[in-house]
1. Which residues among the stretch 201-244 fall inside the zone where the amide N is under 19 Å from a point 7 Å beyond the Cα of residue 302, along Cα→Cβ?
2. From zero up to wherever the largest Cα-Cα distance of the stretch 1-93 sits, split into 10 Å bins and tell me the percent of pairs in each.
3. Could you point to the residue in 218, 150, 204 farthest towards the positive end of the chain's charge dipole, with +1 and -1 charges on the Cβ of Lys/Arg and Asp/Glu respectively?
4. How would you order 16-27, 62-73 from highest to lowest mean count of nearby Cβ atoms within 10 Å?
5. I want to make sure I understand the PRE zone here: with the label point 7 angstrom from the Cα of residue 90 toward its beta carbon, which residues in the stretch 129-156 have backbone N atoms less than 16 Å away?
6. Starting from the Cα of residue 47, step 7 Å along the direction of its Cβ; do the same at residue 122; then give the gap between the two resulting points in nm.
7. Round to a whole angstrom and tell me the spacing of the C-alpha centers of the stretch 5-39 and the stretch 127-149.
8. Kindly state, to the nearest 0.05, the FRET efficiency for residue 314 paired with residue 172, given R0 = 30 Å and r defined as their beta-carbon distance.
Amino acid sequence: MELLILDRNFEEIATIELFSSLQWNRKYYDYGDFELETDISHIKLFQEGVYLFRKDYELALIEEITYERSDSNEYSLKVSGRFITAILDDRVVVGEKKLTGNHEDIAYQLLNENFIQPTDALRKVNYLSVAIKSKLGESTTLELKNAVIGKKLNEFLEEKELAHKIEYDYLNNQLVYSVWKGLDRTEEQTINSWAVFSDDYDNIVNIDYSHDMSDYINFAYVVGKDNLRVEVNQIKEGERRREKVVSSSDSDRNVLTDKGKQELDKNKLVEVIDCNILSSENLLYRRDYDLGDLCTVKIRSIDKMSSLRITEVKEVYENGEIRIEPKFGDDYITITKFIEREVKS
């Protein structure tokens, strides 16, 4: 694998072909990151560099350079940083702002107003553009108050299992922002090929499962301006009613309803499955499954079948070998991301 060190104008400084190890951690709901261990002779190159690129559109910021001596008195160079999407944390919304539209429209509006065509030209990020819209998300309202844009968008898009990213088009020297969603590869659909992981198929091991409803809320009273009240009911049949009051300064019923839904999204039933994935010739990474894809996970030993999204993929390059470590779901997987049913015999 070749790694390119680029300067702030994306001009190539050097190519790194040999290194001790590389962890390239791709993440769906957060910024990816990397850690590279290489020869100390490269230290000046990385000090001059701004970006690390590996010719697959994924670009990383060079943020930390560490020169270390081991117990055996050998020196090594460690370089780490986050993927380029992390530059969205460089801009904030000052004061209060309210945006309405679908999730993708709102994200694009924030990008245009704060990064691409800001009123203050000094806030503009060069080389950055937006991709063609895909009409992702649903009509909603987002309220911001002194918010860090990147972090807020991470949370906002996750509500609808959406993600966003900035990719680098090397040939056209352009950064491109987009909102996206992984493919559905579950057994319930017929559009894409299936990706099924199961202890029956010997491609998952070390399985842990837990269920937590201690913070679960399914009914919200949203109280707005002049004591205007809206009720948001998400009680499923046979469930115990669990209420919460949400305060707001708004007087628009639709806005109050959106706020109630967002609050219930933060207090969902938590189902957690943690497992390790074994490599399989029938399921090849980036061909049959990839970051963001929704896959079928069957755990025969506890009679569970779930649809889980791949939220992280750790690519490890060491000693001439490549190891791929996908992760299904978040540390806490909400019920909307965990579709549970009985496994048929």
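1. 201-216
2. For the stretch 1-93, the pair-distance distribution reads 16, 50, 26, 7, 1.
3. Going by the Cα projections, it comes out as 218.
4. Numbers: 16-27: 17.0, 62-73: 10.8.
Order by mean packing, descending: 16-27, 62-73.
5. What the label zone holds, given the 16 Å backbone N cut-off, is 129-130, 148-151.
6. My value for the distance between the label points is 3.0 nm.
7. 27 Å
8. E(calc), rounded to 0.05, equals 0.55.
Computed from the coordinates by the stated procedures, all read-outs in this text should not be read as laboratory data. All of these numbers come straight from a predicted model, not from anything done at the bench. Counting neighbours? That spans all protein chains shown, and the Cβs are built from the backbone with ideal geometry, glycine included.
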